[in-house]
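Each remark here refers to the structure printed beneath this line.
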Amino acid sequence: MRAAVIGASSESLHGIKVAQQLGYDVVALDGNPEAAGLRAADSGLVVDITDPVAVFAALGDAPDIVIPVPIGRYLTTTGVVNDRFGLPGVSETSARLCTDKYEFHRVMELHSLRSTTAILIPAGSVDHPLPAQFPVVLKPRFGSGSRGVTVCMTSDELENALLTVLPSRDDLIIEEFAEGTEYGVDAAVVDGALRVILLREKLNTPLPYRQAIGYYSMPAEHPMQAAAAAALAIAVDALKITSGLLHADLIERDGRAFIVELSARPSGHHLHDLFTPLASGVDPIREFLLAARDGADAAHFAPSASDALLMRFFDFDHGTVAAAPDMTALAQTVDLVEFEERIVGREMIPVTNGPELMQRGFFIVRGTDRADLGRQADAVLTAFTFEGA
């Protein structure tokens with residue numbers, strides 16, 4: 001059996017490993033010759049993955065599966081490959097609707113999941129009609145990782161933000177800013193049926209960036225579980241997603257779920273490969289590959305774990321980190337499940353996007369409830385020492 005990976009960043013490593021464990025020979029494709037997945041796969045090919053023709057030429061014969069991995073705009077290439085070879089997973093149509101935020105907004109509006117309009121500012125343009133209501137979000141039409149996303153509370157703030165980016169090399173959009181508690185969801189679609197794996201509440205930085213710096217796992221009885229599943233079922237149908245993994249960002253509004261974004265691929269930031277399996281007992285990629293290989297009955301997407309977990313990133317916003325915590329001492333008061341830091345000796349600046357935050361590392365703690373998790377996270381963060389302190 002042969003599995004392909006299209007986009008072999010470090011986020012692909014888990015999928016490659018799982019596929020190899022299941023007996024697949026993995027070929028990884030990426031335009032970056034230094035991509036980590038090229039070395040981890042059984043064979044690595046340096047290919048421009050933005051060009052489906054080049055990808056087909058490199059692949060040769062049809063693979064048995066394309067491993068779903070976190071990727072941005074060029075999820076569309078995975079869709080093209082799946083369509084050509086009749087493989088399970090995201091289609092080109094669904095991938096384009098997910099990765100194009102303007103078209104995504106239009107589809108959500110058509111299916112009554114949004115009630116406002118989005119304003120498109122084409123690349124190279126300096127003209128921009130102003131929205132009627134604020135606050136709004138200014139963001140790239142394509143892309144992921146929260147880069148270039150800014151919340152503007154007033155027309156003056158929007159005008160100032162636009163002055164710094166226009167004319168832009170890429171399309172931008174202005175859309176409604178949804179206020180409320182934010183959640184992330186990991187899910188799968190198998191034989192056209194939605195399977196929700198994990199709901200997690202986000203811990204965000206203040207406006208204007210609202211960058212996620214932590215995730216709390218939510219119990220099965222949490223009231224947003226049903227609201228999230230109901231909204232996602234409509235969205236999955238509207239986006240024509242009939243097979244594959246997905247993740248979504250949601251806002252709770254009056255007991256209902258407002259879908260901010262949805263993408264038909266696994267979540268990044270060590271969620272799909274670490275936090276989600278720990279919090280739910282489900283490894284989404286493993287189950288997807290099992291369903292593709294052995295049939296839907298062989299896969300188990302229903303959550304089987306119930307521990308309260310918090311994944312927390314290092315969002316220090318000033319100072320130079322002198323030393324990490326004494327792990328032996330920390331273990332006396334903190335149930336530390338995972339710990340990975342790359343910040344000792346580095347000067348900390350305010351966090352404005354996901355990739356910047358991910359470079360710093362993270363930790364996961366297990367607790368009895370939200371308050372206990374928060375106490376433990378504070379204990380970890382305050383155990384770092386800074387130069388001059």
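The values are calculated or read from the model by the stated rules, or taken from the named source; none is laboratory data. Keep in mind that what you see is a predicted model, and the values were worked out from it rather than measured. Heads up, the Cβs are rebuilt from the backbone with ideal geometry, glycines too, and the neighbour counts pull from every protein chain shown. Areas reflect the complete protein model, heavy atoms only, side chains present, ligands, DNA and RNA absent. Shrake-Rupley method; radii C 1.70, N 1.55, O 1.52, S 1.80 Å.
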Could you list all residues from the stretch 79-103 that are assigned to a helix (DSSP H, G or I), over 13 Å from ALA4 (Cβ atoms) and open to solvent by 10 Å² or more (accessible area, probe 1.4 Å)?
ASP83, GLU92, THR93, ARG96, LEU97, CYS98, THR99, LYS101, TYR102, GLU103
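Condition check ((1) closer than 24 Å to THR368 by Cβ; (2) of a type in the set (A, V, I, L, M)) across all residues:
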site	(1), (2)
LEU162	no, yes
ASP170	no, no
ILE197	yes, yes
LEU203	yes, yes
PRO223	yes, no
ALA235	no, yes
LEU239	no, yes
Filter the stretch 153-185 for residues that are in contact with an Asp or Glu (Cβ under 9 Å, 6 or more places away or on another chain) and among the small types (Gly, Ala, Ser); which is least open to solvent (accessible area, probe 1.4 Å)?
GLY184
Taking LEU357 and the conditions (1) free of Cβ contacts under 8 Å to residues at least 40 places away in the same chain; (2) part of a helix (DSSP H, G or I); (3) within 30 Å of LEU138 (Cβ to Cβ); (4) of a type in the set (A, V, I, L, M), which numbered condition does it fall short on, given that it satisfies the others?
(1)
Please determine whether any residue of the stretch 322-337 is closer than 23 Å to LYS17 by Cβ and not basic (Lys, Arg).
yes
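Look through the stretch 55-78, keep the residues that are β-branched (Val, Ile, Thr) and part of a helix (DSSP H, G or I), and return whichever of them is surrounded by the fewest Cβ atoms within 10 Å (Cβ to Cβ). I'd like the intermediate steps shown before the answer.
Narrowing the stretch 55-78 to residues β-branched (Val, Ile, Thr): 55, 65-67, 69, 71, 76-78.
Right, trim to part of a helix (DSSP H, G or I) and you get 55, 76-78.
On the way: VAL55: 22, THR76: 25, THR77: 25, THR78: 30.
Selected residue: VAL55.
In the list ALA188, ALA229, which residue meets the criterion of being crowded, with 16+ Cβ neighbours inside 10 Å, at pLDDT 95 or above and either in contact with a Gly (Cβ under 8 Å, 6 or more places away or on another chain) or part of a strand (DSSP E or B) (or both)?
ALA188
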Can you tell which of PRO219, PRO266, PRO206 is touching a residue at least 60 places away in the same chain (Cβ under 8 Å), in a loop (DSSP other than H, G, I, E, B) and farther than 22 Å from GLY79 by Cβ?
PRO219
Output the qualifying pairs, or none if there are none: Cβ atoms under 9 angstrom, residues six or more apart or on different chains, first residue in the stretch 274-294 and over 28 Å from TYR216 (Cβ atoms) and small (Gly, Ala, Ser), second residue at pLDDT 95 or above and open to solvent by 20 Å² or more (accessible area, probe 1.4 Å).
ALA291/PRO88; ALA291/SER243; ALA292/ASP64; ALA292/LEU87; ALA292/PRO88; ALA292/SER243
The stretch 317-336, residues that are exposed (fewer than 11 other Cβ atoms within 10 Å of the Cβ) and closer than 18 Å to ILE213 by Cβ:
ASP317, HIS318
Taking the stretch 287-301 and keeping only residues that are over 24 Å from the mean Cα position of the chain (by Cα) and open to solvent by less than 70 Å² (accessible area, probe 1.4 Å), one is left with GLY295, ALA296, ALA298
From the residues in the stretch 22-54 that are assigned to a helix (DSSP H, G or I) and touching a residue at least 12 places away in the same chain (Cβ under 8 Å), which one is least open to solvent (accessible area, probe 1.4 Å)?
GLY37
Looking only at the stretch 356-371, how many residues end up being open to solvent by 30 Å² or more (accessible area, probe 1.4 Å) and closer than 29 Å to ALA305 by Cα?
7
Selection status of LEU38, modelled with pLDDT of 95 or more and closer than 25 Å to VAL190 by Cβ
no
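A quick yes/no check of all residues on (1) in contact (Cβ under 8 Å) with a residue 24 or more places away in the chain; (2) within 18 Å of LEU203 (Cα to Cα); (3) open to solvent by less than 20 Å² (accessible area, probe 1.4 Å); (4) part of a loop (DSSP other than H, G, I, E, B):
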residue	(1), (2), (3), (4)
VAL344	no, no, no, yes
ILE349	yes, no, no, yes
THR352	yes, yes, no, yes
VAL380	yes, yes, yes, no
For the condition open to solvent by 50 Å² or more (accessible area, probe 1.4 Å) and closer than 15 Å to HIS247 by Cα, what is the one hit in ARG200, ARG195, ARG210?
ARG195
For the stretch 264-286, give me the residue count where each residue is touching a His at 6+ places or on another chain (Cβ under 8 Å) and either open to solvent by less than 20 Å² (accessible area, probe 1.4 Å) or within 15 Å of LEU194 (Cβ to Cβ) (or both).
7
Quickly run through the stretch 124-136 and pick out the residues that are assigned to a loop (DSSP other than H, G, I, E, B) and surrounded by 12 or more Cβ atoms within 10 Å (Cβ to Cβ).
SER125, HIS128, LEU130, PRO131, PHE134, PRO135
